[in-house]
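Below: one structure, written as structure tokens.
The values are calculated or read from the model by the stated rules, or taken from the named source; none is laboratory data. No experiment lies behind these values; they were computed from the predicted model shown. Neighbour counts run over all protein chains shown; Cβ positions are idealised from the backbone, glycine included.
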Amino acid sequence: MKLLENKVAIITGASRGIGKAIAQHFVNHGATVCFTYMSSDEKARSLEAELSTSGGKSKGYKSDAGDFNAAQGFVDQVIAEYGTIDILVNNAGITRDTLLMRMSEAQWDEVMAVNLKSVFNLTKAVLKPMLKARSGSIINMSSVVGVKGNAGQANYAASKAGILGFTKSVALELGSRNIRCNAVAPGFIETEMTGALDEKTVQEWREAIPLRRGGTPDDVANLCLFLASDMSAYITGQTINVDGGMLT
């Protein structure tokens, strides 16, 4: 059973890690996936080819999600090519970690633009087609750090906490139009980024988690698939942790 048959989904920042896993799950379940990327055209074309082997459709668009006009232009392109947008996954995110006393204004502003302003940009841009269809699912990628904070990540934590308030507000505004908005808060997910950590640090993280392991991108993607599909038709305004019990 394909849960997203004939659906058109936008995923920001899907060229690797969690975003790539979400794209793979969505294509496997029948969705046409339009994803944004910022760096390598070659990697984007490679991902398109990889996703097409699953029998689905995908297309990468070089677009800065943190730029309001670029986000609107990207959405306009998708509408022109596919006619509608059923699902939005705001996944684009970066870190610029350092203690607050050492944090520059540029490090603060960059994280806010990519992590938080991009969520506003894309959500606002998809409102018209979703309102017209009186249907839609918006999934915002937050973090357990946005719930509990973390030393050395004041900018990242603030951006991810902002997403939680934004998600609840959008759910309240758009619920009457059958447009749902939920947030996903991953915990310690083992990706390319965490691969740069030394093994001792990674093991300490694992031992502090009740399930005694780090999460995988697929763990997050499975939840996003559920939230994108009609299986979650009565769920909106929620923050769901994918953290192995870290915040229990």
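Within segment 42-51, is even one residue in contact with a helix residue (DSSP H, G or I) (Cβ under 6 Å, 6 or more places away or on another chain) and farther than 22 Å from residue 185 by Cα? Checked against the condition, which is being in contact with a helix residue (DSSP H, G or I) (Cβ under 6 Å, 6 or more places away or on another chain) and farther than 22 Å from residue 185 by Cα, segment 42-51 yields at least one hit. Would you check which residues across segment 1-37 are of a type in the set (Lys, Arg) and at pLDDT below 95 and list them? The answer is 2, 16, 20. Pull up segment 24-34, narrow it to residues that are part of a helix (DSSP H, G or I) and of a type in the set (S, T, N, Q), then point me to the one that is surrounded by the fewest Cβ atoms within 10 Å (Cβ to Cβ). Filtering first and then ranking leaves 28. Give the residue that is nearest to the chain's Cα centre (by Cα), with candidates limited to residues of segment 176-216 that are modelled with pLDDT of 90 or more and over 16 Å from residue 244 (Cα atoms). So the residue we want is 183. Just name the residue that is farthest from the chain's Cα centre (by Cα) out of those in segment 35-87 that are assigned to a helix (DSSP H, G or I) and β-branched (Val, Ile, Thr). Looking at residues that are assigned to a helix (DSSP H, G or I) and β-branched (Val, Ile, Thr), I get 79. For segment 176-193, a tally of residues being in contact (Cβ under 8 Å) with a residue 40 or more places away in the chain and over 18 Å from residue 163 (Cα atoms) returns 7. Against the condition within 20 Å of the chain's Cα centre (by Cα) and either crowded, with 19+ Cβ neighbours inside 10 Å or under 21 Å from residue 163 (Cα atoms) (or both), how does residue 106 come out, does it pass? For residue 106, the condition - within 20 Å of the chain's Cα centre (by Cα) and either crowded, with 19+ Cβ neighbours inside 10 Å or under 21 Å from residue 163 (Cα atoms) (or both) - is not met. Just one of (1) surrounded by 14 or more Cβ atoms within 10 Å (Cβ to Cβ); (2) farther than 23 Å from residue 13 by Cβ fails for residue 188. It is (2). Here residue 220 qualifies as within 23 Å of residue 157 (Cβ to Cβ) and at pLDDT 95 or above.
Conditions (1) farther than 19 Å from residue 122 by Cβ; (2) in contact with an Asp or Glu (Cβ under 9 Å, 6 or more places away or on another chain); (3) of a type in the set (Lys, Arg), marked per residue:
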position	(1), (2), (3)
5	yes, no, no
9	no, yes, no
14	no, no, no
17	no, yes, no
22	no, no, no
26	no, no, no
29	yes, yes, no
41	yes, no, no
48	yes, no, no
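Residues in segment 3-23 that are under 24 Å from residue 116 (Cα atoms) and surrounded by fewer than 24 Cβ atoms within 10 Å (Cβ to Cβ): 8, 15, 16, 17, 20, 21. Is there a residue being loosely packed, with under 14 Cβ neighbours inside 10 Å, among the charged types (D, E, K, R), in a loop (DSSP other than H, G, I, E, B) and free of Cβ contacts under 8 Å to residues at least 12 places away in the same chain anywhere in segment 197-208? Yes: one or more hits. Considering segment 38-58, the residues that are of a type in the set (D, E, K, R) and out of contact with any strand residue (DSSP E or B) (no Cβ under 8 Å at 6 or more places or on another chain) include one that is modelled with the lowest pLDDT, namely 42. The criterion of being of a type in the set (Lys, Arg), out of contact with any strand residue (DSSP E or B) (no Cβ under 6 Å at 6 or more places or on another chain) and surrounded by fewer than 19 Cβ atoms within 10 Å (Cβ to Cβ) holds for residue 168.
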